[in-house]
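The values are calculated or read from the model by the stated rules, or taken from the named source; none is laboratory data. Keep in mind it's a predicted model, so treat the numbers as computed, not measured. All Cβ positions, even for glycine, are placed from backbone atoms using ideal geometry, and neighbour counts span all protein chains on display.
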Amino acid sequence: MPKASGEAPEASQDAPEQLEGGGGTVWRRFALVAVPGFAAAAVLGGMTTQGLLAASFAVSGDSFKMSADQLVGTGFTQYGDDAVSVDGSGRAVGLSTVDTAQLDNLCMSSLWDLSVGQATLVIRAGEAAPVRGDNLVLDIEQLRGNAEFDSIEIGRDASTLDKADGGQGPAGGFGLQADTITVTDMELTTWAVTSGSLNLTGLSLAVRPGDHECF
């Protein structure tokens, strides 16, 4: 759920670890939080302009959760953006693009408040074989896990990002990108997910009474 406007973004206190013999960078207990309002500037540079790859639909009034044992992606970019609901309200997100992605043991959940009480939509896939997605775009509010990047660039002008197709942001905006991204023990809160193609192997979808979110 969205953070209170007075909260400051959380960030991992662990220093990045440079891998020997290569350009990889590892963050242990990596954490990224995007929060509504101007506080998001501390994480994403404050340039939250509606981008070309933002969700082409009005987002719902609630975020949802995703988890995976591991996400492996090629071609990664991220910059600040805003996700807008039908009532015109918006919230700051880290608009993240991955050219190709594989996710092991994927879980997605949305908690609903209904007249009969709470219920949770739970989608699971990728237990036996990875979920595969192309041109994956996520409006990230919060991401936690152990992250490794190859050839990462942090603080690049968002309009010049070139490691993911169509992953450019506004001129002057704070951006980051990497050739590859790997996140283990991933826990992600997002407002929208779009994909050019998404192959959900071993799909299971259920609506369960009560709170049964992925994490």
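Restricting attention to region 113-146 and to residues that are closer than 20 Å to residue 191 by Cα and of a type in the set (S, T, N, Q), the residue that is surrounded by the most Cβ atoms within 10 Å (Cβ to Cβ) turns out to be 142. Scanning region 174-215 for residues that are under 26 Å from residue 117 (Cα atoms) and touching a Leu at 6+ places or on another chain (Cβ under 7 Å), we see that the one that is surrounded by the fewest Cβ atoms within 10 Å (Cβ to Cβ) is 211.
Looking at region 117-204, the strands (runs of 3 or more DSSP E) lying wholly inside it that each contain 3 or more residues that are at pLDDT 95 or above and under 15 Å from residue 76 (Cβ atoms) sit at 131-150, 153-157, 174-194. Mind listing whichever residues of region 159-185 are polar (S, T, N, Q), in contact (Cβ under 8 Å) with a residue 24 or more places away in the chain and farther than 22 Å from residue 144 by Cβ? Result: 168, single match. When 124, 132, 144 are screened for being of a type in the set (Lys, Arg) and under 15 Å from residue 99 (Cα atoms), only 132 passes.
Restricting attention to region 164-175, does a residue exist that is among the hydrophobic types (A, V, I, L, M, F, W, C) and under 20 Å from residue 65 (Cβ atoms)? The answer is no; no qualifying residue exists. Applying the set (1) of a type in the set (Ser, Thr, Tyr); (2) modelled with pLDDT under 95; (3) in contact with a helix residue (DSSP H, G or I) (Cβ under 9 Å, 6 or more places away or on another chain) to residue 79 leaves exactly one unmet item: (2).
Just name the residue that is farthest from the chain's Cα centre (by Cα) out of those in region 77-100 that are under 17 Å from residue 63 (Cα atoms) and of a type in the set (D, E, K, R). Here the answer is 87.
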